[in-house]
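The values are calculated or read from the model by the stated rules, or taken from the named source; none is laboratory data. Just so it is clear, the structure is predicted and the values come from calculations on it, not from any experiment. Methodologically, a virtual Cβ is constructed for each residue, glycine included, from the backbone with ideal geometry; neighbour enumeration extends over all protein chains shown. Heavy atoms of the whole protein, side chains included, go into the accessibility calculation; ligands, DNA and RNA do not. Shrake-Rupley method; radii C 1.70, N 1.55, O 1.52, S 1.80 Å.
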Amino acid sequence: MTSRQVHVFEPATYARSAAGVLAQLMIRATQERGACTIALAGGATPIPVYRELIRAERIPWGLVHVYFGDERAVPMDHAESNYRAAHEALLARVPIPSSQIFRMDAARPDRDSAADDYAALLPDRLDVLVLGVGPDGHTASLFPGSKALLELDRTVVPVVGPKPPPERLTITPPVITRAREVVVLATGAGKAPVIARALSGSADPADLPIVLARHGTWVLDTAAASQVPRG
Ligand code: 6PG
């Protein structure tokens, strides 16, 4: 992982600019290793960025393998499914073989078994890990105070979180720290306090899980970056 970078864009150009940052990392991975393994974030922030990725030229989609950082325990066609959101915004609109898209089966009744099956699919190191962040500092489905934050062996675990839908599968801290590139996407003033705390370097991941991404690439709009010290 390169040393931390913070990109700040105006809201009007955020989605296209953030897509440009992701595209550059994806293309570099395919040039260096012949393929790109990328895990997508859930939530609303990434959706316009995924849509802009459709137009990013030079991404060799036939060499891209798509994973997910977390998923809610809902059917794959449910309005709250992270898979469905990414599929509609991007995956159904680019020439990526369906065999290279790896959905988390979070709706399986035995979520522990689903977690282990997904862990077996994950590469040892993701090339690109896309993360969002909640106003409480959670990322993926790693919420403040969760025992999943202490997980050092399993790479995927079932959790019950405060953000509905509560039952989920999530990657664990080792997946974040081992990723070659971590990209945090955040917009809006509501995220500004946790982003400032996370980038200040003094916060504990147990309280602010997004701190796990502190050495990554932060792609913020001006509102989300508004409390980050300049310089
Ligand atoms: C989820 C996401 C979650 C999300 C943040 C930010 O499944 O809910 O993985 O971690 O990234 O909650 O969500 P917004 O982008 O909608 O603010």
Completion exercise
Reported set for the range 104-135 where residues are more than 19 Å from THR177 (Cβ to Cβ), open to solvent by 10 Å² or more (accessible area, probe 1.4 Å) and within 16 Å of the chain's Cα centre (by Cα) is PRO135
Fill in the blank from the handout: Conditions (1) without any contact (Cβ under 8 Å) to a residue 24 or more places away in the chain; (2) part of a strand (DSSP E or B) -> VAL183 fails only (1)
Completion exercise
Of the residues in the range 7-34 that are of a type in the set (Val, Ile, Thr) and in contact with a Leu (Cβ under 7 Å, 6 or more places away or on another chain), the one that is most open to solvent (accessible area, probe 1.4 Å) is VAL8
Exercise for the section: For the range 136-157, enumerate the residues that are of a type outside the set (A, V, I, L, M, F, W, C), within 13 Å of the ligand (Cβ to nearest atom) and over 14 Å from the mean Cα position of the chain (by Cα). Expected result: ASP136, PRO144, SER146
Problem - The one condition in (1) open to solvent by less than 30 Å² (accessible area, probe 1.4 Å); (2) under 14 Å from VAL183 (Cα atoms); (3) touching a Gly at 6+ places or on another chain (Cβ under 8 Å) that THR37 fails to fulfil - result: (3)
Exercise for the section: Return yes when ILE54 is open to solvent by 40 Å² or more (accessible area, probe 1.4 Å) and either touching a strand residue (DSSP E or B) at 6+ places or on another chain (Cβ under 6 Å) or hydrophobic (A, V, I, L, M, F, W, C) (or both) and no when it is not. Expected result: yes
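Within the range 197-225, can you find the residues that are of a type in the set (A, V, I, L, M) and open to solvent by less than 10 Å² (accessible area, probe 1.4 Å)?
ALA198, LEU208, ILE210, VAL211, ALA213, VAL219, LEU220, ALA224, ALA225
The rows are residues; the columns are (1) among the aliphatic types (A, V, I, L, M); (2) in contact with a His (Cβ under 9 Å, 6 or more places away or on another chain); (3) assigned to a loop (DSSP other than H, G, I, E, B).
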| residue | (1), (2), (3) |
| --- | --- |
| ASP153 | no, no, yes |
| PRO165 | no, yes, yes |
| PRO193 | no, no, no |
| SER202 | no, no, yes |
| ALA223 | yes, no, yes |
Exercise for the section: Read through the list (1) touching a Gly at 6+ places or on another chain (Cβ under 7 Å); (2) assigned to a helix (DSSP H, G or I), then give the number of the only condition that THR177 fails. Expected result: (1)
Exercise for the section: Scan VAL157, VAL175, VAL183 and give me the residue that is open to solvent by less than 60 Å² (accessible area, probe 1.4 Å) and farther than 30 Å from ASP110 by Cβ. Expected result: VAL183
